[in-house]
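Working notes for the structure below.
The values are calculated or read from the model by the stated rules, or taken from the named source; none is laboratory data. The shown structure was predicted, so the numbers you read here are calculated from the model rather than taken from an experiment. Glycine also receives a Cβ, built like all others from the backbone with ideal geometry; neighbour counts cover every protein chain displayed. Please note that ligands, DNA and RNA were not included when accessible areas were found on the heavy atoms of the full protein model with its side chains. Shrake-Rupley method; radii C 1.70, N 1.55, O 1.52, S 1.80 Å.
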Amino acid sequence: MDSTVDNHGTRLRIEDYGLIGNCRTCALVSRDGAIEWLCLPRFDSAACFAALVGNRDNGRWRLGSPDPEARVTRSYRDGSVIIDTIIETKTGRARVTDFMPIGETNNTIVRIAEGLSGTVDLRLDLTIRFDYGSSIPWVIGLGDQHGLQAICGPDRVTIFSTVPLIGEHMASTASFSVSPGTRQIFTLVHNESHLDLPEKPDQDRILQETVDFWEDWSKSSTYEGKWTDAVRRSLITLKAMTYAPTGGIVAAATTSLPEEIGSSRNWDYRYCWLRDATLTLGALLRAGYMGEAKAWRDWLMRAVAGMPDQIQIMYGIAGERRLDEWEVPWLDGYEGSKPVRIGNAASEQVQLDVYGEVMTVLSEGRRLGLGDEPDGWGLQKALADHLCDIWRANDDGIWETRAGPQPFVFSKIMAWSALDRCINDAETHGFDAPLDKWRANREAVHSEVMERGFNTKLNSFTQVYDGDQLDASLLLIPRTGFLDANDPKVIGTVKAIEKSLVVDGLVQRYNTEASTDGLPPGEGMFLACSFWLADNFAFQGRLSEASALFERLLGLANDLGLLAEEYSPQLKRQLGNFPQAFTHIAVVNTAFSIAGGKPAAADIHMADS
């Protein structure tokens, strides 16, 4: 059966899923109680539940009611990624609690079903398939206790259960009922197959420890304002998508959820993008999370260390560089959207904007007291010198188009931004630097962008030099310091984007029909871009419009407050990988933008030319 149809025949949308995680990996749980995406042991490892982008035979774990008339509601426990699902039937009410404990030696998922009133019949269906749904494990019972262990090559998944599991059709099932005072507990533990069988965890202890961890963490947020719940949920989501051992933050929890249903615009987002670096740092610092900001800065320093001409646009969660892309032939894709891709070939692209991101993170980290890494200035200086040699070249742009390098305007602006930050640092801290060379190049970039990147007929900056197409990345100009938000050219660009790229109040990245990007046309509205438009409204004093757009965007979140990469006004549903860090970063930054009315120091590259 199609994985996107629940047990009652209702098609599951992307927003029907919720996230649980332990800061090493995560799982997506459907409203119907099915875990349909789980990678072990890391975010970017192979999935053992891959039904989300395939079918039920590719691995899933459902715990819910067999009653098609059951009413289901769910919520996060306050300040956490623990999901409580309430199931109401004609005979009673039950609660299923799903969570991943923090700090356990082995990745663990705990599912607790307990009766609240009356009697509720429940059913468990478990299909484990390693290697993205392709490998059927050898299953062994646990002997003197209920449960099983599933072994396949280097991996073992152990299921501890308080009810007997029945094997049928290469899967396991259980039917049982709960009433007040009774509960059944199911625990999944992953470890390497050559190690000893893991011990059964103390579920009550690890649940309380997990509650305490998330409560303590979420209370540290410094945001106080109208949108506290949305900002806090976004920050918690970013924390859950952080790989704790290294500080890297994955762009999304998933691969290949489509930007348009049935299209081939399906990418693996389980890696760390330098594109996200500045905005991520700004969001964390604004909200008071200095530790996470420092860990992110330190991850970036390690990732880009090496020869300046070998800098990449993205890396693995520990800084890995080889992210070879391949297609999975046995997975049918979400709602038939093929191919399902593992790895990301865009890691081999050249994008000039990443230099601006890196320089800002290093500069702002230094300014805001995160401390300086050994020879941090040496790395920054080497990158700036290399940028002086290459900024005139074409690149693949912030959106990772696949039509070959072009002279993208935003890339040039970010090259200017990188040089500007380095000049500012050298002047402020007295660092040794070839300032005359850097200043000359900074001025040359600025002059060229003003001459070739602005279309006087459109009264707007354009996607590429001497072009006539717009690009929503230009909404970030005020954050770079290249021009003030109230500069006539910025005002003109915002108005042009409102006129040409806004559909039903939401912003496209660019016109996929008219632009040359090497991909089939068509995608949803890119949510981060819509938040950037709200930022510009705030910067230009259009606060009522900024608030209205922000409220509209928050209204697109699912019942758990989660947002994907894109949204389709036509289909009225979320699209793209989920949940998307870039979108939740934008939630945090826009809330602060509306409160402050101008770009914050942690976002802006200080203009000094």
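Within the range 146-176, track down each residue that is free of Cβ contacts under 8 Å to residues at least 40 places away in the same chain, open to solvent by 30 Å² or more (accessible area, probe 1.4 Å) and not aliphatic (A, V, I, L, M).
Across the range 146-176, the qualifying residues are His146, Thr162, Pro164, Gly167, Glu168, His169.
How do the pairs read when you match residues in the range 546-561 that are without any contact (Cβ under 8 Å) to a residue 60 or more places away in the chain with residues anywhere that are open to solvent by less than 20 Å² (accessible area, probe 1.4 Å) and of a type in the set (Phe, Trp, Tyr), using Cβ under 7 Å and keeping only pairs 6 or more apart or on different chains?
Filtered contacts from the range 546-561: Ala546/Phe537; Leu549/Phe537; Leu553/Phe531.
One residue is enough: does the range 435-442 have a residue meeting the conditions under 24 Å from Ile491 (Cβ atoms) and hydrophobic (A, V, I, L, M, F, W, C)?
No, the range 435-442 contains no residue that is under 24 Å from Ile491 (Cβ atoms) and hydrophobic (A, V, I, L, M, F, W, C).
For the range 380-422, give me each residue that is assigned to a loop (DSSP other than H, G, I, E, B) and at pLDDT below 95.
If the condition is that a residue be assigned to a loop (DSSP other than H, G, I, E, B) and at pLDDT below 95, then Asp396, Gly397, Ile398, Trp399, Glu400, Thr401, Arg402, Ala403, Gly404, Pro405 are the ones that fit.
For the range 186-201, what are the residues that are more than 15 Å from Thr97 (Cβ to Cβ) and part of a loop (DSSP other than H, G, I, E, B)?
The answer is Ser193, His194, Leu195, Asp196, Leu197, Pro198, Glu199, Lys200.
Examine the range 548-571 for a residue that is open to solvent by less than 10 Å² (accessible area, probe 1.4 Å), closer than 23 Å to Asp396 by Cα and of a type in the set (D, E, K, R), and state whether such a residue exists.
yes
Please list, ordered by residue number, the helices (runs of 4 or more DSSP H) wholly in the range 423-504 having 2 or more residues that are under 31 Å from the mean Cα position of the chain (by Cα).
Where helices (runs of 4 or more DSSP H) fall fully within the range 423-504 and carry at least 2 residues being under 31 Å from the mean Cα position of the chain (by Cα), they are 477-480, 488-500.
Which of the residues belonging to the range 382-397 are among the aliphatic types (A, V, I, L, M) and open to solvent by 10 Å² or more (accessible area, probe 1.4 Å)?
Ala382, Ile390, Ala393
Given the criteria touching a residue at least 60 places away in the same chain (Cβ under 8 Å), touching a Cys at 6+ places or on another chain (Cβ under 7 Å), open to solvent by less than 10 Å² (accessible area, probe 1.4 Å) and not hydroxyl-bearing (Ser, Thr, Tyr), does Ala253 qualify?
Taking the combined requirement at face value, the residue satisfies it.
Return a yes/no flag: does the range 454-476 have any residue that is open to solvent by less than 10 Å² (accessible area, probe 1.4 Å), of a type in the set (Lys, Arg) and out of contact with any Pro (no Cβ under 9 Å at 6 or more places or on another chain).
no
Please verify whether Asp212 is modelled with pLDDT of 95 or more, open to solvent by 70 Å² or more (accessible area, probe 1.4 Å) and either polar (S, T, N, Q) or more than 20 Å from Leu124 (Cβ to Cβ) (or both), treating the condition exactly as stated.
When the stated conditions are applied, Asp212 does not pass them.
Sort out which residues of the range 44-68 are part of a strand (DSSP E or B) and either without any contact (Cβ under 8 Å) to a residue 60 or more places away in the chain or within 13 Å of Asp32 (Cβ to Cβ) (or both), and write them in order of number.
The answer is Arg60, Trp61, Arg62, Leu63, Gly64.
In the range 329-358, what residues are more than 24 Å from Met241 (Cα to Cα) and in contact with a strand residue (DSSP E or B) (Cβ under 7 Å, 6 or more places away or on another chain)?
Asp332, Pro339, Val350, Gln351, Leu352
For residues that are assigned to a loop (DSSP other than H, G, I, E, B) and open to solvent by less than 40 Å² (accessible area, probe 1.4 Å), tally how many sit in the range 520-539.
3
Within the range 372-381, is even one residue surrounded by 22 or more Cβ atoms within 10 Å (Cβ to Cβ) and touching a residue at least 12 places away in the same chain (Cβ under 8 Å)?
Within the range 372-381, one or more residues are surrounded by 22 or more Cβ atoms within 10 Å (Cβ to Cβ) and touching a residue at least 12 places away in the same chain (Cβ under 8 Å).
Of the residues Arg275, Arg297, Arg270, Arg232, only one is over 25 Å from Gly397 (Cα atoms) and either under 17 Å from the mean Cα position of the chain (by Cα) or open to solvent by less than 30 Å² (accessible area, probe 1.4 Å) (or both); which?
Answer to the check: Arg232.
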